[in-house]
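Engineer: Questions regarding the structure given below will be posed in turn.
Just so it is clear, none of the values below were taken in a lab; they were calculated from the coordinates. Fair warning: this is a prediction, and the values are worked out from it, not measured in the lab. Note that each Cβ is placed from the backbone with ideal geometry, even for glycine, and that neighbours are counted across all protein chains shown.
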Amino acid sequence: MVTGSNAPDVATLMRIYRRMSSIKQNDERMRATIRAGKLAIIYYSPRGQEVIPSAIAEHLNDDDYLVTIYRGIHDQIAKGVPLKSLWAEYAGKVTGTCKGKGGPMHITHPETGVMVTTGVVGSGMPIATGLALASQMSGDGRVTITNFGDGASNIGAFHESLNLASIWKLPVVFVCQNNGYAEHTHYSEGTAVENIADRAASYNMPGVTVDGNDPVAMWKAAQEAVARARAGEGPTLLECKTFRFMGHLLGDDSHYIPKEEMAAALEKDPVPLFRQKLIDDWQVPAADLDKLDADIATEIDEAVQFALDSAYPDLVENKRDILAEEMA
Ligand SMILES: Cc1ncc(C[n+]2csc(CCOP(=O)(O)OP(=O)(O)O)c2C)c(N)n1
Ligand SMILES: [Mg+2]
């Protein structure tokens, strides 16, 4: 929900932690389920990037729009896509968000504002710009969040989208989740500027670089960007510095990442760090966090079982949801 103060209270921080824990546990379960041979999918782990959507979600309404990428399950969970239908879609089952016809890379769930998930690098931003234009024209008050990686900011569609969104003062926030790598390529080998946010100057919009692993800093930066969009003042480019712990996709051994760099990142794993901070700085009883974590684990158990028990779509689904009028 939209908030106005400039410091998050403990209830806010607990909600952020809940999302982070849910994303982390869900990711661990997803990897284990694939490795057990129960799911046959390509999987892009968001492990290490939990803070970004968990903090942004505090400033969003259910009907605000979200666009994300193949590495987007953290964004989808934080936006509120129910775990059961999310798992079912990952498993290609008829009970999934897209009746099993989208699969992991194409999660769409308009009920929670998740409008597009795409595997085509950079392609989400023009769509998000269009969604924001629709909101501006209809006056529905929605804000669009579009997530993408550091590599995607080198695609032409990024530059075209920022330009147009700025000229038209569209209610969109461009969220670059800068994890330092695009596939196996280090940031410095593919990107000419030191910070992605520097590119905002070319499009006359605020460009903000924030520690994407710091829940409070993320909460503040997102608050400003979302408020600006909602007030009709136009877009922001929000660069959130983070790291991906599991390589590009499941099975990638991250051999191209220097061992010291990976070790330093793992040392600062944002989820256990924030958990400890809640205990030390906010006097949250460890038992409360244990209970919260355990409740999430149960919710995930139920979602996995639901997905595995659900049926695959009938062949007739091949002809449904394609044209405005159903095919015979
Ligand atoms: C248009 C296009 N070009 C290339 C690819 C292959 N590809 C898939 S992911 C990826 C790297 C993108 O890196 P980044 O934007 O930093 O996102 P991250 O995976 O790090 O979250 C590439 C090149 C693609 N899917 N689409
Ligand atoms: Mg990247």
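Engineer: Give just the number: which of (1) assigned to a helix (DSSP H, G or I); (2) more than 12 Å from ligand 1 (Cβ to nearest atom); (3) surrounded by fewer than 21 Cβ atoms within 10 Å (Cβ to Cβ); (4) over 18 Å from the mean Cα position of the chain (by Cα) does LYS220 not satisfy?
Structural biologist: Only one criterion is unmet by LYS220, namely (4).
Engineer: Just checking, does region 194-202 include any residue being among the charged types (D, E, K, R) and within 9 Å of ligand 1 (Cβ to nearest atom)?
Structural biologist: Here is the first cut: in region 194-202, the ones among the charged types (D, E, K, R) are 194, 198-199.
Subsequent filtering for residues that are within 9 Å of ligand 1 (Cβ to nearest atom) retains none.
No: region 194-202 contains no residue that is among the charged types (D, E, K, R) and within 9 Å of ligand 1 (Cβ to nearest atom).
Engineer: Could you identify the single residue in GLU89, GLU58 that is part of a helix (DSSP H, G or I), away from ligand 2 (no atom under 16 Å from the Cβ), surrounded by 24 or more Cβ atoms within 10 Å (Cβ to Cβ) and among the charged types (D, E, K, R)?
Structural biologist: Details: GLU58 fails: surrounded by 24 or more Cβ atoms within 10 Å (Cβ to Cβ).
Matching residue, one of GLU89, GLU58: GLU89.
Engineer: Within region 125-158, can you find the residues that are assigned to a helix (DSSP H, G or I), away from ligand 2 (no atom under 15 Å from the Cβ) and touching a Lys or Arg at 6+ places or on another chain (Cβ under 7 Å)?
Structural biologist: Across region 125-158, the qualifying residue is only SER135.
Yes/no matrix, rows are residues, columns are (1) at negative phi; (2) within 16 Å of ligand 1 (Cβ to nearest atom); (3) hydroxyl-bearing (Ser, Thr, Tyr):
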{"site": "THR95", "(1), (2), (3)": "yes, no, yes"}
{"site": "CYS98", "(1), (2), (3)": "yes, no, no"}
{"site": "PRO104", "(1), (2), (3)": "yes, yes, no"}
{"site": "ALA132", "(1), (2), (3)": "yes, no, no"}
{"site": "SER153", "(1), (2), (3)": "yes, yes, yes"}
{"site": "LEU164", "(1), (2), (3)": "yes, no, no"}
{"site": "VAL173", "(1), (2), (3)": "yes, no, no"}
{"site": "CYS176", "(1), (2), (3)": "yes, yes, no"}
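Engineer: Let me ask you something else. Of the numbered conditions (1) in a helix (DSSP H, G or I); (2) over 27 Å from the mean Cα position of the chain (by Cα), THR298 satisfies every one except a single condition; which is it?
Structural biologist: THR298 satisfies all of (1) in a helix (DSSP H, G or I); (2) over 27 Å from the mean Cα position of the chain (by Cα) except (2).
Engineer: Condition first: loosely packed, with under 11 Cβ neighbours inside 10 Å and outside any helix (DSSP H, G or I). Now tell me which residues in region 268-295 satisfy that.
Structural biologist: Selection gives GLN283, PRO285.
Engineer: Additional query: Of the residues ALA303, ALA265, only one is assigned to a helix (DSSP H, G or I) and more than 15 Å from ASP214 (Cβ to Cβ); which?
Structural biologist: On inspection, the qualifying residue turns out to be ALA303.
Residues are listed down the side, and each one gets a yes or a no for (1) out of contact with any Ser or Thr (no Cβ under 8 Å at 6 or more places or on another chain); (2) part of a loop (DSSP other than H, G, I, E, B); (3) touching a residue at least 60 places away in the same chain (Cβ under 8 Å):
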| site | (1), (2), (3) |
| --- | --- |
| ALA32 | yes, no, no |
| ILE42 | yes, yes, yes |
| SER45 | yes, yes, yes |
| ASP75 | no, no, yes |
| VAL94 | no, yes, yes |
| GLY102 | no, yes, no |
| VAL116 | no, no, no |
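Engineer: Moving on to the next point. Which of (1) touching a Leu at 6+ places or on another chain (Cβ under 7 Å); (2) over 20 Å from PHE306 (Cβ atoms) is the odd one out, the single condition ILE52 does not satisfy?
Structural biologist: Unmet condition: (1).
Engineer: Tally up the residues in region 181-199 that are farther than 17 Å from PRO258 by Cβ and either exposed (fewer than 14 other Cβ atoms within 10 Å of the Cβ) or out of contact with any strand residue (DSSP E or B) (no Cβ under 9 Å at 6 or more places or on another chain) (or both), please.
Structural biologist: Residues in region 181-199 being farther than 17 Å from PRO258 by Cβ and either exposed (fewer than 14 other Cβ atoms within 10 Å of the Cβ) or out of contact with any strand residue (DSSP E or B) (no Cβ under 9 Å at 6 or more places or on another chain) (or both): 3 in total.
So that you can scan it fast, the table gives a plain yes or no per residue for (1) aliphatic (A, V, I, L, M); (2) touching a residue at least 40 places away in the same chain (Cβ under 8 Å):
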residue: PHE274; (1), (2): no, yes
residue: ASP280; (1), (2): no, no
residue: ILE296; (1), (2): yes, yes
residue: ALA307; (1), (2): yes, yes
residue: TYR312; (1), (2): no, yes
residue: GLU326; (1), (2): no, no
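Engineer: Can we say THR108 is surrounded by fewer than 20 Cβ atoms within 10 Å (Cβ to Cβ), farther than 25 Å from PRO270 by Cα and under 14 Å from the mean Cα position of the chain (by Cα)?
Structural biologist: yes
Engineer: Pick out the one residue from GLU224, GLU233 that is charged (D, E, K, R), closer than 30 Å to SER138 by Cβ, away from ligand 2 (no atom under 16 Å from the Cβ) and touching a residue at least 60 places away in the same chain (Cβ under 8 Å).
Structural biologist: Of the residues listed, the single one that is charged (D, E, K, R), closer than 30 Å to SER138 by Cβ, away from ligand 2 (no atom under 16 Å from the Cβ) and touching a residue at least 60 places away in the same chain (Cβ under 8 Å) is GLU233.
Engineer: Among the residues of region 61-73, count how many are surrounded by 22 or more Cβ atoms within 10 Å (Cβ to Cβ) and not in a helix (DSSP H, G or I).
Structural biologist: Final tally of qualifying residues: 8.
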